[in-house]
1. Apply the a/c threshold of 1.5 to the C-alpha gyration tensor of the stretch 302-446 and tell me whether it is rounded, prolate or oblate.
2. Expressed as a rounded percentage, what relative contact order does the chain have, with Cα pairs under 8 Å and six or more residues apart?
3. Among Met296, Gly12, Asn318, which residue has its Cα furthest toward the positive end of the charge dipole of the chain, with +1 on Lys/Arg Cβ and -1 on Asp/Glu Cβ?
4. Evaluate E = 1/(1 + (r/R0)^6) for Asp44 and Lys262, where r is the Cβ-Cβ distance and R0 equals 51 Å; express this FRET efficiency to the nearest 0.05.
5. Need the full-extension length gain, Glu102 to Ser114, defined as separation in residues times 0.36 nm minus the C-alpha distance. One decimal, nm.
6. To the nearest 20 debye, what charge dipole does the stretch 92-228 have about its Cα centre, counting +1 at the Cβ of each Lys and Arg and -1 at the Cβ of each Asp and Glu?
7. Using only DSSP helix segments of four residues or longer, with each worth -39500 (n - 2.57), what per-residue ellipticity at 222 nm results for the chain after dividing by its residue count and rounding to 500?
8. Sorted from fewest to most neighbouring beta carbons within 10 Å, what does the list Leu135, Leu69, Leu58, Leu151 look like?
Amino acid sequence: MRIIIAGAGDVGFHLAKLLAIEEHDINIIDLDSSKLQYISNHLDVNTIKGSSTSYKILEDAKISKADLLIAVTESESTNISTAIIGKNLGAKKTIARISNTEFLHKKDILNLKSIGIDEVISPESLAAKEIKKLLKETALTDTFEFEKGILSLVGVTIDEDSELLNQSLADTAYLNPDRNFNTVAILRGNETIIPHGTNKFMLNDHAYFITQPDGLERVMNLSGKTRTPVKNLMILGGSKIGIQTAMQLSSKYKIKLIEQDKDKCFELADQLQDTLIINGDGRDVELLQEEGIGDMDAFIAVTGNSETNIITSLVAKNHNVKKTIALVENIDYIHLSQNIGVDTMINKKLIAASFIFRHIRKGEVLNLISIHGVDGELVEFEVKPNSKILDVEIKDLNFPKSAIIGGVIRNNQGITVRGNFRFKEKDRVVVLSKPECIRTVEGFFK
């Protein structure tokens, strides 16, 4: 595919990184020379300096031959203009990053396609949805359900209470007599390990499993975790993500939202009538204590300052809050979460890049899920009549070492598979793969 990306910021860079692995023809447009230089030094893509709303710049990028134009600059108006102009100059499909969620909620009424915008995405709205998903289980760092939970991805931290600590996968096989879960990844510091029999679980590892419904409880027990429902929730920051999160969760949880700006608090009180708005500085530990931080089941820090979000999440953890989520701008911080005690750090731009990537791959794969901090994607494929994988045992596949098959959905039943498992047509196969070998893995299913 010929893909043009307008915007060389974090969303554009990480999207280009994912797409470059797949050998697409990628052109990135931006006004900032230093950003373009950074991308050129790290990725095999073409860069063009200039405005993405310029006819000449788009012509230089060969817009008329573009299969896809993705506008993800920091400016909503630039993205909308770029998509409209690009569509009229021949781009087959356009995607625009927006911040005004009215475009999302009213897109059918607005009929954006009629003016040249095929799809809109909001990083803030996507981040709020991610937070909602993460709150389902306080003991888990990550969770994703396939087909309403007949197969699930779960992430847990290996701590001193875990039976898995200092044990290899081979040594712990006896702890899984029903074979209802598989270990698919271990995140240790900045290193993502696709585990095999000799790999050990170490203190502070983030371990990821594919489980059947009855396997989830087993994983939590082995990890020394207990399931606790979320009832009371504190949000720090009346940002767009804070507002979206409160809107999506206020019917389910009792929410307190702390915002430092007094005028904004009045606006939030009108906008979020089911949420208690508190005017104050969330960095003030005494204020947090007065507002009952110790009674909270979850704490979500989504101010515009990454350091504030991390520190206040650690304060919450120190007050025995079961689940903490911190929004960070610096993607490198995400790897720190397992070392410093924050349950999950999220980055809205990385979430947006992964969402667009999934959108592009729709049709070729059934699902594509990014895991926070993990250098890998969880991909769901369907076994077709001519697939190389059809009627072959896993152990005979010569599957790449940087990927692992976690489970299969067959006849509406989730199965965690072993080496002697044979694939049938229409099986839906869940694979954890490092980005560089997704294409190789995909070849097994074509």
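1. Since a/c reaches 1.5 and a/b is larger than b/c, the shape of the stretch 302-446 is classed as prolate.
2. That works out to 12 percent.
3. Result: Gly12.
4. Efficiency computed from Cβ-Cβ geometry: 0.55.
5. 2.6 nm
6. So the dipole magnitude of the stretch 92-228 works out to roughly 680 debye.
7. Per the formula, -8500 deg cm²/dmol.
8. Leu135, Leu151, Leu58, Leu69
Each reported figure results from applying straightforward, stated rules to the coordinates on display, with no laboratory input. This one's a predicted model, so the numbers in the text were calculated from it and none came from an experiment. Quick reminder, even Gly has a Cβ in these numbers, built from the backbone with ideal geometry, and neighbours come from all protein chains shown.
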